[in-house]
Each structure stands twice: as structure tokens, then as C-alpha cells.
Amino acid sequence: MDSAALSDFVESWGSMGALWGINRSMARIQALLLATKEPLGLEEVAERLGMSRGNASMGLKELRHWGVVRKVNLTGERRDFYIAEDDLWSMLFRIGTERKKREFDPALSALRKVLESTGKGDELVRERLGELEEILRAVDRLLQRFLASQDTSRAMLKFLSAQIPYPQGK
């Protein structure tokens, strides 16, 4: 693999990591493992990405918690090695499920609490927050359906992508 192309991918994926709720270092680690055939040890991950062993270790631990990176043992080796999740749909499904649980659900809960505590004299605020709650409730229903199972989410994505024309020239 071209090292410049790999570097571009790692950096782009790292920048995109914020969109799915993980920090740049974690996303860069995941990108490196996605684009690497052989399992990598902690030291090699840190060295190839130019980060401290501590940062690499924390990133690998969190990525394992998310279920998108696995620890593997190599015969004759005492060190731990890591690989990316082989099933990419499963990986993306876990990320979506985790983000809903960590970010969306608490935000919707906080919105509902503030809406309940908004007094009668704050009609403009109540109306605005009520409309927002209605929108997020609809999004929540979609997310619940989408994240009900991996098969459901695949079918929904396939259906939705077939409904939206792909721009010419891309």
C-alpha cells in the first residue's frame, strides 16, 4: 500500500472521528488497523502514528470497549496485538448504537426535563422547546427502528439509499 495514501486515509478518518463521537487519536488508530492486514502491537501503533504509548494504549482500550478493535494473541509472542473488526457493518452498527446511548438519549432526556420545568410565563421558550422535542422524538423513533437489529438497519439503509439519486459525476 502506498504510504502517502495510507497517511491521507489515517488523517482524514481521524478528522472525521469527531462526527461519530470519538477523538482524533482513536479514529487514527482505527484507520491504521482498518488499512493494515497484519495485527499490530501497541508500540508499532504508537510509532506509526507518532503518538505516545500512553495515548495509543488508551485509544486501543476505548476502541475495544466500543467493539471496533479486537485484541489477538500471536503464537510465541508475549505482547498483545490488535486488529480492526472484520465485519464492517457490525462495526458501524456498534458505533451508531453507542452514539445514540452516549449522546442522543441523554440530550433528549435533558430537553424533556427542561421542557417540564419551563414555567407558564415562558410560552415562546415552551413552544420552541416543544417543537424541538417533537422533532427529536421522531428522530428517536427512526433511530430505534434503525438500531433494532443489524438486518433491519441494512434493509433500511438499502431502501433509503435507493430513494435518493446519486449525484452525477461522483
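Annotations
- Residues in the stretch 6-36 that are crowded, with 17+ Cβ neighbours inside 10 Å and of a type in the set (S, T, N, Q): S25, Q30, T36.
- Checked against the criterion of being touching a Ser or Thr at 6+ places or on another chain (Cβ under 8 Å), outside the structural domain of L40 (by TED's automatic domain parsing) and not β-branched (V, I, T), the candidates L143, L92, L129 yield just one match: L129.
- Taken together, E98, E134, E103 contain a single residue that is exposed (fewer than 15 other Cβ atoms within 10 Å of the Cβ), under 26 Å from G14 (Cα atoms) and outside the structural domain of E11 (by TED's automatic domain parsing), which is E103.
- Checking the stated criteria, R126 turns out not to satisfy the condition of being free of Cβ contacts under 8 Å to residues at least 60 places away in the same chain, basic (K, R) and within 30 Å of S7 (Cβ to Cβ).
- Here R53 meets each of (1) touching a helix residue (DSSP H, G or I) at 6+ places or on another chain (Cβ under 6 Å); (2) more than 30 Å from E131 (Cα to Cα); (3) crowded, with 16+ Cβ neighbours inside 10 Å with one exception, condition (3).
- Helices (runs of 4 or more DSSP H) enclosed by the stretch 1-109 - at least 3 residues per element that are modelled with pLDDT of 95 or more and small (G, A, S): 53-66
- Restricting attention to the stretch 75-95, the residues that are touching a residue at least 60 places away in the same chain (Cβ under 8 Å) and either within 15 Å of M26 (Cβ to Cβ) or surrounded by 14 or more Cβ atoms within 10 Å (Cβ to Cβ) (or both) total 2.
- A single member of V72, V68, V45 is surrounded by fewer than 16 Cβ atoms within 10 Å (Cβ to Cβ), touching a strand residue (DSSP E or B) at 6+ places or on another chain (Cβ under 9 Å) and of a type in the set (A, V, I, L, M, F, W, C), and it is V72.
The values are calculated or read from the model by the stated rules, or taken from the named source; none is laboratory data. Note that the structure is a prediction, hence the values are computed from the model and not measured. Please note: Cβ atoms are built from the backbone with ideal geometry, for glycine as well, and neighbour counts cover all protein chains shown.
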